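See below for the structure under consideration.
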Amino acid sequence: MPQIHNFSAGPCILPKTVLEQASRSVIELDNTGLSLIEMSHRSKPFEAIMAEARQLVKDLMHLPENYEVLYLQGGATLGFLAAPYNFLPEGGKAAYVNSGTWAKGAIKEAKLLGEVEVVANSETSNHNHIPDIRAGVYDHAYLHVTSNNTIFGTQYKTFPKPGIPVICDMSSDILSKEVDASQFDLIYAGAQKNMGPAGTVVYIVNKDKLGKTGRKIPTYLDLAQQIDKESMLNTPPVFAVYVCMLTLRWLRDLGGVKAMEMINEAKANLLYNEIDGNPLFVGHAVPEFRSNMNATFRFKDESLEPIFDAMLKEAGISGIKGHRSVGGYRASMYNALPLESVQALVDVMKEISTSKG
Ligand SMILES: *Cc1c(COP(=O)(O)O)cnc(C)c1O
């Protein structure tokens with residue numbers, strides 16, 4: 001099989017060793033005589049998997065004692081609703097940053113439960129930067145931010161500190177770089193962008209801040225109840241949690257988040273240097289807000305796309321077609337993508353520039 005360089009935006013590349021071990025578990029988990037996906041989630045082996053998967057997030061992100069980790073379902077999309085249910089009091093007001101498509105999705109859901117003030121918005125420049133939040137006093141229940149805008153290729157380098165709780169959708173850059181989690185009361189992240197397969201979403205919660213909205217919260221969305229039941233209030237997505245656990249072990253064994261951050265920086269620098277140095281291409285995001293996870297770029301002359309696409313295919317480069325709202329290309333460089341894959345892409349960019357420049 002020829003090597004494929006997988007730049008997919010999500011679901012996305014996972015470490016090969018993880019895929020191998022995960023596939024074995026479908027036949028038989030360790031030496032239990034049972035497949036992972038045909039055993040009870042209340043069995044000893046699965047309880048150990050859930051416990052380790054939660055603990056690894058705590059360790060890798062250096063979470064404070066009062067933070068809990070959950071593996072739930074419904075994707076980040078249900079997180080859009082879980083956030084206001086748990087943090088927005090009845091009749092309360094929340095502040096949101098509209099930095100892209102997913103942020104807008106979060107705003108839409110929050111409006112179901114209360115008043116939303118958009119305190120920063122990059123819409124008029126097609127979200128090519130992270131907008132500053134407005135100056136002034138914040139008396140909102142919380143501020144919601146999206147740490148990495150998967151579609152537009154922008155990323156917070158430092159987060160705003162408005163003096164109220166901050167909630168973060170960290171779906172597409174969780175565990176890609178060191179972040180002080182204690183600046184957030186809630187982090188949620190769909191696993192399929194950087195830490196596992198589709199089917200589970202990680203919540204990182206300051207449990208001291210729960211239970212203060214006075215709302216009746218639907219059982220599944222009530223993070224306090226989920227914590228109480230140790231993320232097993234209902235049947236958890238056993239396979240997805242297991243693959244997350246394996247991916248987190250891989251990350252730990254590679255040296256943890258700091259080591260990962262340095263690799264991710266090397267990959268991003270390699271690609272952005274080519275985007276900037278190659279006369280055929282132009283980047284979408286303003287350089288100071290460029291994402292190390294998703295790089296968005298296009299040809300100055302878009303008629304070159306069909307030739308480039310054929311060259312990419314020939315080189316085994318997959319999944320870099322841009323999202324329809326930005327056009328051009330998007331190279332997603334999540335944790336498991338090796339530097340060699342970025343080099344392969346850069347080589348094709350150089351090649352087309354030599355022949356067409
Ligand atoms: C992909 C993505 C989502 C949506 O995730 P689902 O798990 O599909 O609901 C939300 N936010 C961000 C930043 C994303 O990248």
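The values are calculated or read from the model by the stated rules, or taken from the named source; none is laboratory data. Since this is a predicted model, take the numbers as computed values, not measurements. Reconstructed Cβ throughout: ideal geometry from the backbone, glycine too, with neighbour counts over all protein chains shown. Surface accessibility is based on the protein's heavy atoms, side chains included, excluding ligands, DNA and RNA. Shrake-Rupley method; radii C 1.70, N 1.55, O 1.52, S 1.80 Å.
Does segment 59-84 hold any residues that are more than 16 Å from the ligand (Cβ to nearest atom) and over 17 Å from the mean Cα position of the chain (by Cα), and which are they? So that I can check it myself, show each step before the final result.
Step one: list which residues in segment 59-84 are more than 16 Å from the ligand (Cβ to nearest atom), which gives 59-69.
Of everything in segment 59-84, those that are more than 16 Å from the ligand (Cβ to nearest atom) and over 17 Å from the mean Cα position of the chain (by Cα) turn out to be Asp59, His62, Leu63, Pro64, Glu65, Asn66, Tyr67, Glu68.
Out of (1) closer than 30 Å to Tyr329 by Cβ; (2) open to solvent by 80 Å² or more (accessible area, probe 1.4 Å); (3) modelled with pLDDT of 95 or more, the odd one out for Ile27 is which?
(1)
For segment 97-138: of the residues being part of a strand (DSSP E or B) and out of contact with any Ser or Thr (no Cβ under 9 Å at 6 or more places or on another chain), which is farthest from the ligand (Cβ to nearest atom)?
So the residue we want is Glu115.
List the pairs whose first member sits in segment 68-81 and is over 15 Å from Ile167 (Cα atoms), whose second member is β-branched (Val, Ile, Thr) and more than 11 Å from the ligand (Cβ to nearest atom), and whose Cβ atoms are under 6 Å apart, counting only residues at least 6 apart or on separate chains?
Pairs found: Tyr71/Val241.
Of all residues in segment 143-168, how many are among the hydrophobic types (A, V, I, L, M, F, W, C), assigned to a loop (DSSP other than H, G, I, E, B) and either open to solvent by 10 Å² or more (accessible area, probe 1.4 Å) or within 10 Å of the ligand (Cβ to nearest atom) (or both)?
Looking only at segment 143-168, we keep the residues that are among the hydrophobic types (A, V, I, L, M, F, W, C), and these are 143, 145, 151-152, 159, 164, 166-168.
From what's left, assigned to a loop (DSSP other than H, G, I, E, B): 151-152, 159, 164.
If we keep only those that are either open to solvent by 10 Å² or more (accessible area, probe 1.4 Å) or within 10 Å of the ligand (Cβ to nearest atom) (or both) as well, we get 151, 159, 164.
Counting residues in segment 143-168 that are among the hydrophobic types (A, V, I, L, M, F, W, C), assigned to a loop (DSSP other than H, G, I, E, B) and either open to solvent by 10 Å² or more (accessible area, probe 1.4 Å) or within 10 Å of the ligand (Cβ to nearest atom) (or both) gives 3.
If you check every pair at least six apart or on different chains, which have Cβ atoms under 7 Å apart with a residue in segment 110-130 that is in the same structural domain as Val145 (by TED's automatic domain parsing) first and a residue that is of a type in the set (Val, Ile, Thr) and open to solvent by 30 Å² or more (accessible area, probe 1.4 Å) second?
Cβ pairs passing all conditions: Val119/Ile133; Ala120/Ile133; Asn128/Val286; His129/Val286.
Given the conditions (1) surrounded by 15 or more Cβ atoms within 10 Å (Cβ to Cβ); (2) closer than 14 Å to Met50 by Cα; (3) not acidic (Asp, Glu), report the number of the one that Lys209 does not fulfil.
(2)
With respect to the numbered conditions (1) in a loop (DSSP other than H, G, I, E, B); (2) farther than 15 Å from Val69 by Cα, which one is the sole condition not fulfilled by Ser171?
Result: Ser171 fails condition (2) only.
For segment 280-293, state whether one or more residues are of a type in the set (Lys, Arg) and not assigned by TED's automatic domain parsing to the domain that holds Leu56. Step through it out loud before you land on a result.
Step one: filter segment 280-293 for residues of a type in the set (Lys, Arg), giving 290.
Checking which are not assigned by TED's automatic domain parsing to the domain that holds Leu56 leaves us with 290.
Yes: segment 280-293 contains one or more residues that are of a type in the set (Lys, Arg) and not assigned by TED's automatic domain parsing to the domain that holds Leu56.
Determine whether segment 191-200 contains at least one residue that is on the phi > 0 side of the Ramachandran plot, away from the ligand (no atom under 16 Å from the Cβ) and either in a loop (DSSP other than H, G, I, E, B) or modelled with pLDDT of 95 or more (or both).
Taking every residue of segment 191-200 in turn, none turns out to be on the phi > 0 side of the Ramachandran plot, away from the ligand (no atom under 16 Å from the Cβ) and either in a loop (DSSP other than H, G, I, E, B) or modelled with pLDDT of 95 or more (or both).
Could you check how many residues of segment 36-46 are surrounded by 14 or more Cβ atoms within 10 Å (Cβ to Cβ) and either assigned to a helix (DSSP H, G or I) or of a type in the set (Gly, Ala, Ser) (or both)?
At the first step, the residues of segment 36-46 found to be surrounded by 14 or more Cβ atoms within 10 Å (Cβ to Cβ) are 36, 39, 41, 43, 45-46.
This time we only want the ones that are either assigned to a helix (DSSP H, G or I) or of a type in the set (Gly, Ala, Ser) (or both), so: 36, 43, 45-46.
So the answer is 4.
Does Ala240 fit the bill of being of a type outside the set (Asp, Glu) and in the same structural domain as Tyr188 (by TED's automatic domain parsing)?
On the way: of a type outside the set (Asp, Glu): yes; in the same structural domain as Tyr188 (by TED's automatic domain parsing): yes.
Yes, satisfied.
From the list Gln192, Gln183, pick out the single residue that is polar (S, T, N, Q) and over 28 Å from Thr17 (Cα atoms).
Working: Gln192 fails: over 28 Å from Thr17 (Cα atoms).
Just a single option satisfies the conditions, and that option is Gln183.
Residue pairs, Cβ under 7 Å, 6 or more apart or interchain, first in segment 174-187 and within 16 Å of Thr150 (Cβ to Cβ) and at pLDDT 95 or above, second surrounded by fewer than 20 Cβ atoms within 10 Å (Cβ to Cβ) and not hydrophobic (A, V, I, L, M, F, W, C). List them.
Ser176/Glu261; Lys177/Glu261
Which of the residues spanning segment 326-357 are crowded, with 16+ Cβ neighbours inside 10 Å and among the aliphatic types (A, V, I, L, M)?
Those that are crowded, with 16+ Cβ neighbours inside 10 Å and among the aliphatic types (A, V, I, L, M): Val326, Ala331, Met333, Ala336, Leu337, Val342, Ala344, Leu345, Val346, Val348, Met349, Ile352.
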